[in-house]
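Please read the structure below before turning to the comments.
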Amino acid sequence: MKAVDVNNLTFSYSGSPTLLHDISFTVSAGEVLVIAGLSGSGKTTLCRILAGVIPHAADGEVHGHIQVVDIDPRTAGLPQTALRAGYVFQDADSQIICTTVEDELAFSLENILLSPFEIRQRVDTLAAEFGFGGLLLADPARLSGGQKKLLTIAAVLAAEPAVLILDEPLSCLDAEGRELVQAAIKQQRDTGRAVIIVEHDLSLVDFADKWLILRDGSIAAYGTPSGLLSKQEELLRESGVWE
């Protein structure tokens, strides 16, 4: 089943030249797609469109076909899109807003008016899954970089979206933190969730099912990691995403 379906997407910020040109791709349930490219190639902008941030929280003109699960984010709005596509920022500190791990996990659930019993169940389940069982009352500011990233992922997953969008989840982490986050991503794929990752270093995400390489706002390459490495390694090097 296609969790994300994009065809001929074109985008420009208001009053600016076209940033994304004729972008087409799909992500199925249980699949990991990596979007890579140099800074300014349009990676984060594309994810913000899928998450509904653009055009609802940032101006811009989006053309083409976009379907996230069963909605078009442009018409559905942010609340409905967030229930289908959870978006994790690059900077965990800018996304964490509560003073305890428990409150952070419960925050979105309180906003969608789940019962206290349901909230307790989901928080406990997420805490066990992501290793926060003994840290529910901990201050997120005192967590390691990897733990903070896991907390933002878990908090977004509390609403049980079918699609998880991660903006450079492995940046600014040590080797241990990267391993924690990589394991969490693989676990989400195994449970049938579609995962989209923005990354600039493809060697960190060689476990992905597909890579989509952007260059100057257009698709430079799109396919399986093994296929692209065997046939287009020079292009990947030119795009700055492979050593």
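The values are calculated or read from the model by the stated rules, or taken from the named source; none is laboratory data. Being a predicted model, the structure only gives us computed values, none of them experimental. Cβ atoms come from the backbone with ideal geometry, glycine included; neighbour counts cover every protein chain shown.
Worth pointing out:
- Listed by first and then second residue, the pairs with beta-carbon distance under 6 Å, at least 6 apart or on different chains, first residue in region 39-68 and farther than 19 Å from residue 198 by Cα and at pLDDT 95 or above, second surrounded by fewer than 16 Cβ atoms within 10 Å (Cβ to Cβ) and of a type in the set (Val, Ile, Thr), are 63/10; 64/10.
- Index of the failed condition, residue 133 passing every other in (1) in contact (Cβ under 8 Å) with a residue 12 or more places away in the chain; (2) farther than 30 Å from residue 214 by Cβ; (3) in contact with a helix residue (DSSP H, G or I) (Cβ under 6 Å, 6 or more places away or on another chain): (1)
- Answer residue from region 217-243, given it is at pLDDT 90 or above and in a loop (DSSP other than H, G, I, E, B) and is surrounded by the most Cβ atoms within 10 Å (Cβ to Cβ) among those: 217
- Exactly one residue out of 139, 91, 70, 124 is in the same structural domain as residue 180 (by TED's automatic domain parsing) and not aromatic (Phe, Trp, Tyr): that is 70.
- Among the numbered conditions (1) surrounded by 20 or more Cβ atoms within 10 Å (Cβ to Cβ); (2) within 25 Å of residue 28 (Cβ to Cβ), the only one that residue 129 does not meet is (1).
- Test: residue in region 187-195 that is modelled with pLDDT under 95 and in contact with a Lys or Arg (Cβ under 8 Å, 6 or more places away or on another chain): no
- Of all residues in region 166-184, those being more than 19 Å from residue 68 (Cβ to Cβ), among the aliphatic types (A, V, I, L, M) and in contact with a strand residue (DSSP E or B) (Cβ under 9 Å, 6 or more places away or on another chain) number 2.
- Filtering region 179-200 to residues that are hydrophobic (A, V, I, L, M, F, W, C) and under 16 Å from residue 34 (Cα atoms) leaves 181, 183, 184, 185, 194, 195, 196, 197, 198.
- Residue within region 144-157 that is outside any strand (DSSP E or B) and surrounded by fewer than 13 Cβ atoms within 10 Å (Cβ to Cβ) present: no
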